[in-house]
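The numbers here are math on the coordinates, done by the rules we state, and not lab data. Note that the structure is a prediction, hence the values are computed from the model and not measured. Counting neighbours? That spans all protein chains shown, and the Cβs are built from the backbone with ideal geometry, glycine included.
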């Protein structure tokens, strides 16, 4: 089951609309020679993806989503058109491995987080922070108005699962079907980034299940415990 919280409202997504497939891709922090040839399509800016850097499609690099503006040709202060459009669409995404199996080893966890950030950037969003522990991940991302959140998550999971299978060699790895998505105001971005950065510290005393239930309850999302996991 997928949960989205936006503007104080919540919705359940009962289906996912299919989207275009992307080719096999990889983020390699070292560009090692032993990376398979079919994984040599490397995301621009992926090394910095985990720290909030990236390039917006058709726009300048290293800028937040809310800073991109569009205006019709000839628009000005005396023009009948609104001069620009401003967006600030940030989401805190949370999802786990299937059955919360502790698949994500600390020997390749950082590579996975960098790869996830690269997938977001390749989808023309912006990865602002990625983190997590052995059984789940957190992503803080910025999206455009034209993005469909369900499609974005579908691609993130599909492409990253394939990368884990082929690059890491974990043939039985998979993500859970659902996810949690919570909107983040601009004033909360730094706090969310700090929270994601301290995941190992948080989970010394709290399980993923406890953390996730707290997210849902704090956001006012109704859920049925029988179908939560």
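A quick yes/no check of all residues on (1) crowded, with 22+ Cβ neighbours inside 10 Å; (2) within 10 Å of the chain's Cα centre (by Cα); (3) more than 25 Å from residue 202 (Cβ to Cβ):
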{"position": "92", "(1), (2), (3)": "yes, yes, no"}
{"position": "99", "(1), (2), (3)": "no, no, no"}
{"position": "102", "(1), (2), (3)": "no, no, no"}
{"position": "116", "(1), (2), (3)": "yes, yes, no"}
{"position": "127", "(1), (2), (3)": "yes, yes, no"}
{"position": "132", "(1), (2), (3)": "yes, no, no"}
{"position": "142", "(1), (2), (3)": "yes, yes, no"}
{"position": "145", "(1), (2), (3)": "no, no, yes"}
{"position": "158", "(1), (2), (3)": "no, no, yes"}
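Scan the stretch 176-190 for residues that are in contact with a strand residue (DSSP E or B) (Cβ under 9 Å, 6 or more places away or on another chain) and either farther than 27 Å from residue 98 by Cβ or part of a helix (DSSP H, G or I) (or both) and jot them down. Walk me through it before giving the result.
Going through the stretch 176-190, the residues in contact with a strand residue (DSSP E or B) (Cβ under 9 Å, 6 or more places away or on another chain) turn out to be 176-186, 188-189.
Selection gives 185, 186, 188, 189.
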Tell me whether the stretch 150-161 contains one or more residues that are touching a helix residue (DSSP H, G or I) at 6+ places or on another chain (Cβ under 9 Å), in contact (Cβ under 8 Å) with a residue 12 or more places away in the chain and part of a loop (DSSP other than H, G, I, E, B). no
Based on this model, can you work out whether residue 181 counts as surrounded by fewer than 18 Cβ atoms within 10 Å (Cβ to Cβ), under 22 Å from residue 140 (Cβ atoms) and under 16 Å from the mean Cα position of the chain (by Cα)? no
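Restricting the search to the stretch 200-210, which residues are assigned to a helix (DSSP H, G or I) and either surrounded by 17 or more Cβ atoms within 10 Å (Cβ to Cβ) or without any contact (Cβ under 8 Å) to a residue 40 or more places away in the chain (or both)?
Here is the first cut: in the stretch 200-210, the residues assigned to a helix (DSSP H, G or I) are 200-202, 208-210.
Matches in the stretch 200-210: 201, 202, 208, 210.
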Of the residues in the stretch 212-229, those that are closer than 15 Å to residue 94 by Cα and without any contact (Cβ under 8 Å) to a residue 12 or more places away in the chain come to 214, 217, 218
